[in-house]
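*Asks:* Shown below is the structure under consideration.
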Amino acid sequence: MRSLTYQASKSELADFASKRELDTSGTLDDIRRRVREYLDRHPEEDAEGYPAAVAGPSTKTFTDARDAPRTPVILTLPVPPLRPPSSPVADDTKVINQIRKWGCRFG
């Protein structure tokens, strides 16, 4: 709500204020302050002038979890095909020797 008051032009804020019978005189900051105060006093209204959604009790609540509709969930994941390595398998001792030369220690 408040961020829209900073994005709106002076004429838009003055129009918003005049529809709500607020004082439209003064600088842009004065009008912003009045609009912010109005929105603080009337949280059910957003800066666009449309009623904001107010949280309330849900009409679709269940008294017991056993009353909730049950939908089975079936999850299937594609399994990628195994491919043979594109290069020949390196000798493990060569790889381990190179890691040792780099300074890695296993222990």
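*Asks:* Take the conditions over 17 Å from Ser3 (Cα atoms), of a type in the set (Val, Ile, Thr), modelled with pLDDT of 75 or more and over 31 Å from the mean Cα position of the chain (by Cα) and apply them to Val89. Does it pass?
*Replies:* Here the answer is no, as Val89 does not meet what is asked.
*Asks:* Given the structure, is Pro72 over 30 Å from Tyr6 (Cα atoms) and either at pLDDT 65 or above or among the aliphatic types (A, V, I, L, M) (or both)? Step through it out loud before you land on a result.
*Replies:* Details: over 30 Å from Tyr6 (Cα atoms): yes; either at pLDDT 65 or above or among the aliphatic types (A, V, I, L, M) (or both): yes.
Taking the combined requirement at face value, the residue satisfies it.
*Asks:* Only residues that are exposed (fewer than 13 other Cβ atoms within 10 Å of the Cβ) and under 32 Å from the mean Cα position of the chain (by Cα): list them for the range 1-18, please. Reasoning before the result, please.
*Replies:* Residues of the range 1-18 exposed (fewer than 13 other Cβ atoms within 10 Å of the Cβ): 2-3, 6-7, 9, 11, 18.
Answer for the range 1-18, where residues must be exposed (fewer than 13 other Cβ atoms within 10 Å of the Cβ) and under 32 Å from the mean Cα position of the chain (by Cα): Arg2, Ser3, Tyr6, Gln7, Ser9, Ser11.
*Asks:* Select from the range 26-43 the residues that are surrounded by 10 or more Cβ atoms within 10 Å (Cβ to Cβ) and part of a loop (DSSP other than H, G, I, E, B) and write down the one among them that is nearest to the chain's Cα centre (by Cα). Talk me through it step by step, then tell me what you get.
*Replies:* Step one: of the range 26-43, the residues surrounded by 10 or more Cβ atoms within 10 Å (Cβ to Cβ) are 26, 28, 30-40, 42-43.
Now restrict to residues that are part of a loop (DSSP other than H, G, I, E, B): 26, 42-43.
Values: Gly26: 37, His42: 25, Pro43: 21 Å.
The selected residue is Pro43.
The values are calculated or read from the model by the stated rules, or taken from the named source; none is laboratory data. Please read these numbers as outputs of a predicted model, since none were measured by experiment. So basically every Cβ, Gly included, is an ideal-geometry build from the backbone, and we count neighbours across all protein chains shown.
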